[in-house]
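Supplied in structure tokens, the structure appears directly below.
The values are calculated or read from the model by the stated rules, or taken from the named source; none is laboratory data. Predicted, not measured: the structure shown is a model, and the values here were computed from it. Every residue, glycine among them, receives a Cβ derived from its backbone with ideal geometry; neighbour counts consider all protein chains shown. The area values use the complete protein model at the heavy-atom level, side chains included, leaving out ligands, DNA and RNA. Shrake-Rupley method; radii C 1.70, N 1.55, O 1.52, S 1.80 Å.
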Amino acid sequence: MSLATAGAGGGMGGGAGLSAAAMAHNTGATAAAIRQPPPGANYSIPGAGGTAAPGTSYAAMGADLLDRNQSHLTSKSVRAASTLPLVAVDLYGDRCDVSYFPPMDGDEGNKGADDDEMAQMMRMAARIQRGVRAAPAGPYSPDGSDVTLRRDDGDAYRAFRRYINKGEGRPAVLADALVIPKKKGGGDDGGTVTIRRPHLAMGARRSSDLGGAARAAFGSMLPDLEDESSNKGGSSAAIGPSGMPDGASVSMTEIAMDGNATPRGDDYDRVAFQLRLRSDKKVMTVLPEEAVGVIVARCREMVGEQFPGLRGDDGGELEDPSGDFPTAFAVPGWAASDGTVEALLDASSGGPCGPSLHQRSVAALVGALLPGKTTEGGMGQAGGTPGPPPSRLAGLLADTMRGKDAEAAAEAAREAALSRTDPAEPDPYVPLVLLAGMTAEGVEVTAVQVSGPQGPDKELHCPFGTVSAVASACEATADPLSALPGCLSGLRAQIGRLLPESEEPTAVLTYGTKEAQKDLSREVKRLLKKYGRDGKDDDDFDGWDEDIAIVPSSPECVSLGLAVLAASSHGRVRVVHSVKGTDGKYRPKSRQGVSVRDVSTCAVSVSFNYHGGDAGRWTSPRTVFDFDRRVPAGPYRVEFSAAECAAHARHGTETGDDSLEDEVALAESTKSLEGGRAIPQRESAAMALRFRVYQRTSRDGPWVKVGDDASPLTMEHSQRDGGVDGRGNLVAIESAVTELGLSPVGIITMNVTTNGETIVQATKSARNSKLMRYGTIAGLTLFIGGFLVKSFVEERVFERDTRRVLAYYKRAAPNSFHDGDERQARYLVWKYKGKKEALWRRLEAKYGVKVLNEWEWPEEEEEQGADGSEEAEDLDGEGDGSDGGGDEL
């Protein structure tokens, strides 16, 4: 489960966040979503300049050149799969097209680090002559993503039963059980059983979670939830008792994956298929991802047929390695939900490398930008430029960018001439492209910006280095054409808000089957004409009219683009350029062939319950990741406190409200519940707290719960029994932090961190910490203050003794060198520090006058010398030493 909780440890990096109390505020039905920074306009990454980079080990660079958006890829797994072809599956397309990208050559780029410029140019010309390496393998089946199995066949039954029970034996299923019809509808006969579009049910916990398109596809197979007998066939076992309607070969039911006989409404529930492959055997219960796993295995086998050398020297007896081929999937916006993508990951398991997941609209754009075939001599472009001819869309975008840049440069030159300054270099023009795709189950329109043009000498597969999505609108429906006007109008309004200064779209790219593209083009043209008529007299008209070019694409466009995106994620498609180091030398550095910046096609919200999960006491969902948010997003922090929860619970008990919305009252109530006397209230509130995550893939669609309800302020006690309800081993904790994240294809990650202290422990720790803090402050005050007092007293004593010495010399040795010599007096006081009595005795012995305090001397001196003068005596012993040495006093 991707929406999992992890305990302990330190927190993650910073991100937007709120406390649980703040999240509960203003959660009415019309509460506005938390503001997200919109995707900025004119995201432009200039193409890398310079000449061809010096040779380097492409294999080594590709292993380290990973797409950070693909969390299922690691450097180790990519290196392990570098000798295998990439399998790109357009699972949600009407034809389920399959394409591939070949393995990396063993010596690709390894030779050339020391080659001269001519050798590098020859190698670049060879790559251009070779052309686009991504190639189609054909559609999976004329019936699209249907799984057709042989019926009443012993080998087929045994192979499929082994696959369902043990998760192994896929080659036997492909050989003995799977039937690929030769024409559309050719598998509908009495000797086969067909599971229609199983991917539409992936991840669904309940049949009520299925969208309108899935309900229309499955029709009468869906269980009647109002009929209690509808679940009698449900079982968590692979082979369950017969509960199918009479005469039916395939039906649907709800099962529990945790061993319970019936679903319990938790995250272990699943919607599953029931198959009767043999009339004299039990009914099989098949999960949707298990059926999709058969499709993925067949797609891998199709690509394996293009590389017979991988099986052995003679196509030999070795085991088919196609089960290890890395895969890639294109996920449409209306299917980008956590449960669906999680099931897709399970279906594509196998091999050393996980799958790469990409948005279907972006894959269609990358596929439509692929150049054509290189003609003989390698001069495929206009004007004799080396390289294959560009596609229609790539040529249109390149011409538009050149024209707009020339106009901007001319305008800058005119302005510079008028102001008599040097012309400023204008920003490169970034065209806006609309992507419109339709299948039998849904429609999706996306706005993207492309920038960073790069020639075939840099990267043949990617004419543009950057693709930045702006906004997306989609809907899963059985009548996608009728939903197109709403999606296109919503996308137009969203672009007006996000890119108010942008010009009209340069082109509209359609993708899908030829029949779907014809209907799509006709409807888009009708809508653009309507927009043009409505905005004819509007001064703020955005330019959306029938003059916008509508560019169709090939049916395998999505799978081809998906293969290139997967190759870019694996480091097989990259741009190598020279970077000057600190030592002045140029070294090769690589980056992905195309950099994709996705936006979210779904929204994620959270809800709280402070009353033990009471169904009627949940707060209204509060959006944390909205549509068109730049993804991957997060972590989004939600802080929980037992005192805050207790304040909410007490307010709810007194008033019946779901939460306390007054921030001032909440702060006061929380503070009153933080002491040791409120430990029972905080423990009760922590145990009663529930936290729920929702997700939806349509702006007007319902919120769908993701995963089970979480209890972030509890942790398991290792020495307690869980009890009947499974919560007997839980203990309350004082605080916790939940961090949410969202991937480009809708995977939600949740991480709960806490210090692991129970409320009692936290209270004791807080009390001890408080005492320690006050004790430390008092100790530091006494320590530092003692030094200050000591220094002050010593300074006062020093000054007093200095004056005492001066007063003594004035009386005992007037008019001598020491009389009035303050420096000598300070020196004597410093020298006899700590032994002042010895100083006084020596002075009295030398001069015969008792040493008195400064204030004890009389005002008038009565004793004068006989001749009115005194001789200075060297009591320090620093004179000629004739007196035997002594200290100067």
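Placing unit charges on C-beta atoms (Lys and Arg positive, Asp and Glu negative, everything else neutral), compute the dipole magnitude of segment 562-715 about its Cα centre in debye, rounded to 20.
The dipole of segment 562-715 has a size of about 1580 debye.
While we're here: Straight-line reach only, C-alpha to C-alpha below 16 angstrom: list the lysines that Lys671 could link to, leaving out same-chain residues fewer than 8 apart.
Lys770
How do the peptides 449-462, 320-333, 131-144 rank, highest first, by the average count of neighbouring beta carbon atoms within 10 Å per residue?
320-333, 449-462, 131-144
Once the other residues with Cβ under 10 Å from the Cβ of Gly169 are scored (Lys, Arg +1; Asp, Glu -1), what is the net sum?
+3
Mind checking the full-extension length gain between Asn755 and Phe541? Use 0.36 nm per residue of separation minus the Cα-Cα distance, one decimal, nm.
My answer for the length gained is 71.4 nm.
Then there's this: HN-Hα J couplings of segment 130-142 from phi, Karplus 6.51/-1.76/1.60, θ = phi - 60°, integer Hz, Gly and Pro as x?
Whole-Hz 3J(HN,Hα) from phi for segment 130-142: 5, x, 5, 8, 5, 9, x, 9, x, x, 4, 7, x.
Above 23 angstrom, tally the Cα pairs of segment 482-570 and express them as a % of all pairs, no decimals.
Roughly 35 percent, once rounded to a whole number.
When the chain is fully extended, how far beyond the present Cα-Cα distance does Asp266 get from Ser208, taking 0.36 nm per residue of separation?
Contour length minus Cα-Cα distance gives 19.5 nm.
Tell me, what is the FRET efficiency for Ala216 and Ala665 to the nearest 0.05, using R0 = 56 angstrom and their Cβ-Cβ distance as r?
0.65
If you don't mind, another one. With a ≥ b ≥ c taken as the square roots of the eigenvalues of the C-alpha gyration tensor of segment 389-450, please select rounded if a/c is under 1.5 and otherwise prolate if a/b is larger than b/c or oblate if it is not?
prolate
Given R₀ = 60 Å, FRET efficiency for Tyr586-Ala845 by Cβ-Cβ distance, to 0.05?
After rounding, the FRET efficiency stands at 0.10.
For each pair in Lys76/Lys166; Lys184/Lys282; Lys183/Lys514, compute the distance between the two Cα atoms and list the pairs where it is over 20 Å.
Listed pairs above 20 Å: Lys76/Lys166; Lys184/Lys282.
Would you mind putting 96-103, 768-775 in packing order, based on average other-beta-carbon counts within 10 Å, highest first?
96-103, 768-775
Of Thr653, Leu666, Pro635, which is farthest along the charge dipole of segment 597-690 in the positive direction, counting Lys and Arg as +1 and Asp and Glu as -1 at C-beta?
Most positive-ward Cα: Pro635.
Which one, Met687, Thr582, Gly593, projects farthest toward the positive side of the charge dipole computed for segment 577-736 from Cβ point charges (K/R +1, D/E -1)?
Thr582
Leaving out ligands, DNA and RNA, and with a 1.4 Å probe, what % of the accessible surface on segment 421-493 is carbon or sulfur?
53 percent
Label-point separation (nm) for Glu501 and Ala248, each offset 7 Å from Cα along Cα-to-Cβ?
My value for the distance between the label points is 6.0 nm.
Can you list residues whose amide H is under 5 Å from Leu432's amide H, if they're 5+ apart or on another chain and H is modeled 1.01 Å from N?
Residues meeting the amide H criterion: Thr506.
On a full-extension model of 0.36 nm per residue, what is the gain between Ser816 and Ser71, subtracting their alpha-carbon distance, rounded to one decimal in nm?
Contour length minus Cα-Cα distance gives 259.0 nm.
Give me the accessible area per residue for segment 488-636, probe 1.4 Å, as a whole number in Å².
42 Å²
Please give the FRET efficiency for Ala409 paired with Asp105, using the beta carbon to beta carbon distance and R0 = 45 Å, rounded to the nearest 0.05.
So, using R0 = 45 Å, E works out to roughly 0.60.
Kirkwood Rh over Cα pairs of segment 737-787 into Stokes-Einstein at 20 °C, 1.002 mPa s: D in µm²/s?
So the translational diffusion coefficient is about 146 µm²/s.
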